[in-house]
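Taking it in order: structure first as structure tokens, then the write-up.
The values are calculated or read from the model by the stated rules, or taken from the named source; none is laboratory data. Not measured: the values here are computed from a predicted model. We place every Cβ from the backbone using ideal geometry, glycine too, and count neighbours over all the protein chains shown.
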Amino acid sequence: MRFRFRLDPVLAHRERIERERAGDHARALRDKVAAEQLRDDLAGRRTAAREMLVRDHAKLDGGTLNATYVHLDYLDRAIVAAQQRVDACAAETERARLRLVDAAKDRKVLETLKQRRREAFDLEAGLADQRELDDLNARLHERTSPLGASPLEGISS
């Protein structure tokens with residue numbers, strides 16, 4: 001007799017859902033990392049422009065100074081927008097992580113149930129095998145013992 005878990009299709013479905021949610025979480029993480037890299041790149045460019053402005057301020061003409069300040073203002077706004085994007089991505093990543101955790105719990109519940117049913121099946125199969133062996137041994141003993149001999153004969157009190 002083979003073990004058959006009737007809820008295997010449900011378990012397979014929950015495993016598929018967990019894989020999909022893991023993919024969603026990975027995409028959300030990738031988007032978050034990309035947003036962080038963009039923010040960090042903008043911050044690096046702003047720092048470099050500020051250092052250049054401080055270092056070369058006396059050498060620059062009015063038009064270049066004005067353009068540099070306008071560019072720094074643009075970088076400040078872009079960094080704020082990039083940080084908002086990072087925050088939004090972080091929130092989405094957390095939602096995706098929670099959905100993944102829920103899917104993993106759902107799958108784990110069924111795996112635990114399958115494992116327990118498997119253990120019960122194995123125990124029952126072992127007991128059935130033992131009963132069959134006991135029955136075979138009893139029949140074998142009956143055949144080899146003399147007819148009419150009492151099973152208690154020869155035991156002294």
Taking the stretch 6-15 and keeping only residues that are in a loop (DSSP other than H, G, I, E, B) and either aromatic (Phe, Trp, Tyr) or surrounded by 12 or more Cβ atoms within 10 Å (Cβ to Cβ) (or both), one is left with LEU7
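How many residues does the stretch 48-65 hold that are over 19 Å from ASP76 (Cβ atoms) and in a helix (DSSP H, G or I)?
6
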Only one of (1) closer than 30 Å to GLU132 by Cα; (2) in contact with a His (Cβ under 8 Å, 6 or more places away or on another chain) is not met by ARG2, so which one is it? (2)
When only residues in the stretch 91-138 that are of a type in the set (S, T, N, Q) and at pLDDT below 95 count, which is nearest to ASP24 (Cα to Cα)? GLN130
Select, from LEU53, LEU60, LEU42, LEU38, the only residue that is touching a residue at least 24 places away in the same chain (Cβ under 8 Å) and touching a Leu at 6+ places or on another chain (Cβ under 8 Å). LEU42
Go through (1) among the hydroxyl-bearing types (Ser, Thr, Tyr); (2) surrounded by 11 or more Cβ atoms within 10 Å (Cβ to Cβ); (3) farther than 30 Å from GLY23 by Cβ for THR144 and report which single condition fails. (2)
Does LEU72 satisfy being modelled with pLDDT under 95, surrounded by 13 or more Cβ atoms within 10 Å (Cβ to Cβ) and part of a helix (DSSP H, G or I)? no
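Residue by residue, here is whether (1) under 30 Å from GLN115 (Cβ atoms); (2) out of contact with any helix residue (DSSP H, G or I) (no Cβ under 6 Å at 6 or more places or on another chain); (3) exposed (fewer than 12 other Cβ atoms within 10 Å of the Cβ); (4) not β-branched (Val, Ile, Thr) holds:
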site	(1), (2), (3), (4)
ARG4	yes, yes, yes, yes
ILE17	yes, no, no, no
ARG27	no, yes, no, yes
ALA34	no, yes, no, yes
ASP40	no, yes, no, yes
GLY63	no, yes, yes, yes
ARG85	no, no, no, yes
ALA96	yes, no, no, yes
ARG99	yes, no, no, yes
Scan the stretch 12-41 residue by residue and report those that are farther than 19 Å from GLN84 by Cβ and among the hydrophobic types (A, V, I, L, M, F, W, C). ALA12, ILE17, ALA22, ALA26
Scanning for something closer than 22 Å to ARG97 by Cβ, of a type in the set (D, E, K, R) and in contact with a helix residue (DSSP H, G or I) (Cβ under 7 Å, 6 or more places away or on another chain), does the stretch 47-60 turn up at least one residue? no
If the Cβ limit is 8 Å and pairs must be 6+ apart or interchain, which residue in the stretch 82-105 that is on the phi > 0 side of the Ramachandran plot pairs with which residue that is of a type outside the set (Gly, Ala, Ser) and surrounded by 13 or more Cβ atoms within 10 Å (Cβ to Cβ)? none
